[in-house]
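Taking it in order: structure first as structure tokens, then the write-up.
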């Protein structure tokens with residue numbers, strides 16, 4: 001059994017393989033298509049463009065609620081960016097053991113390296129979406145230099161928390177047949193339990209207390225403040241940071257105890 005620091009050191013020691021796995025994962029997503037990697041730009045551009053037209057131009061006046069946090073389209077997109085990134089990380093991780101079964105059984109590569117490579121590939125794809133939204137926010141004028149620390153903190157917490165949960169889901173996905181379905185349903189619940197597709201101010205006051213104990217709200221707040229402005233809640237930010245640490249701790253703990261067993265069940 002290796003220590004928690006040993007897991008981190010293993011990822012660093014195998015960093016070249018992590019980069020190669022990420023590159024292959026990124027390329028495999030668009031293999032065989034005419035546009036190739038250009039889809040990494042086209043897909044989020046069309047996706048976010050549709051949100052902009054529908055929610056800002058068609059429904060914007062009805063969805064606005066006077067909370068002063070930028071145009072609704074940017075409010076929506078700034079929340080979708082971290083959520084979609086986290087969602088793809090978790091969906092990728094929970095199916096990874098089965099997808100890479102042959103590699104896990106026959107090649108002596110630490111499983112944390114496989115997870116890190118897959119997540120780096122996801123991060124590369126989602127970085128394109130973040131750049132597109134940040135560019136839109138810059139053009140509209142909601143993105144400023146003073147907000148960049150909040151955005152950087154949110155990005156760091158997203159990557160660290162996503163890695164920790166991914167380590168857990170990698171192991172769970174190897175042992176629990178229905179884990180992919182559970183993650184898909186849980187992601188849908190989390191989307192509507194967090195003020196992403198609706199303004200928080202539009203929710204009845206007696207329901208808003210839930211947002212203060214939902215760690216995903218604190219993460220979304222960091223991106224939203226970084227991209228469209230507003231103020232951070234110290235309580236929410238602290239909770240998100242604590243949960244991030246707990247996610248990493250739980251992932252490392254489970255990996256240390258079950259990583260060897262994964263090779264026997266896939």
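The table below gives the values:
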item	result
Qualifying residues in segment 150-178 (those that are in contact (Cβ under 8 Å) with a residue 60 or more places away in the chain and more than 16 Å from residue 86 (Cα to Cα)) - the one surrounded by the fewest Cβ atoms within 10 Å (Cβ to Cβ)	175
Segment 222-235 - residue that is touching a residue at least 60 places away in the same chain (Cβ under 8 Å) and in a helix (DSSP H, G or I) and, of those, surrounded by the most Cβ atoms within 10 Å (Cβ to Cβ)	224
Positions within segment 111-140 being closer than 20 Å to residue 52 by Cα and in contact (Cβ under 8 Å) with a residue 60 or more places away in the chain, in sequence order	128, 129, 132, 133, 134, 136, 137, 140
Residue that is nearest to residue 235 (Cα to Cα) [pool: residues in segment 195-213 that are assigned to a loop (DSSP other than H, G, I, E, B) and either touching a strand residue (DSSP E or B) at 6+ places or on another chain (Cβ under 9 Å) or in contact (Cβ under 8 Å) with a residue 12 or more places away in the chain (or both)]	213
Residue 138 vs. criteria in a helix (DSSP H, G or I) and crowded, with 22+ Cβ neighbours inside 10 Å	no
Checklist (1) within 30 Å of residue 253 (Cα to Cα); (2) part of a helix (DSSP H, G or I); (3) at pLDDT below 95 applied to residue 177, failing item	(2)
Unique residue being more than 17 Å from residue 40 (Cα to Cα) and in a helix (DSSP H, G or I) when the list is 102, 127	102
Test result for residue 219, touching a residue at least 12 places away in the same chain (Cβ under 8 Å), in a loop (DSSP other than H, G, I, E, B) and either buried (at least 22 other Cβ atoms within 10 Å of the Cβ) or touching a helix residue (DSSP H, G or I) at 6+ places or on another chain (Cβ under 6 Å) (or both)	no
Lone unmet requirement of (1) over 26 Å from residue 254 (Cβ atoms); (2) at pLDDT below 70 for residue 29	(2)
Filter result for residue 190 (surrounded by 14 or more Cβ atoms within 10 Å (Cβ to Cβ), touching a helix residue (DSSP H, G or I) at 6+ places or on another chain (Cβ under 7 Å), touching a residue at least 60 places away in the same chain (Cβ under 8 Å) and assigned to a helix (DSSP H, G or I))	yes
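The values are calculated or read from the model by the stated rules, or taken from the named source; none is laboratory data. Since we're looking at a predicted model, the values are computed, not measured. Note that we place each Cβ from the backbone using ideal geometry, even for glycine, and neighbour counts take in every protein chain shown.
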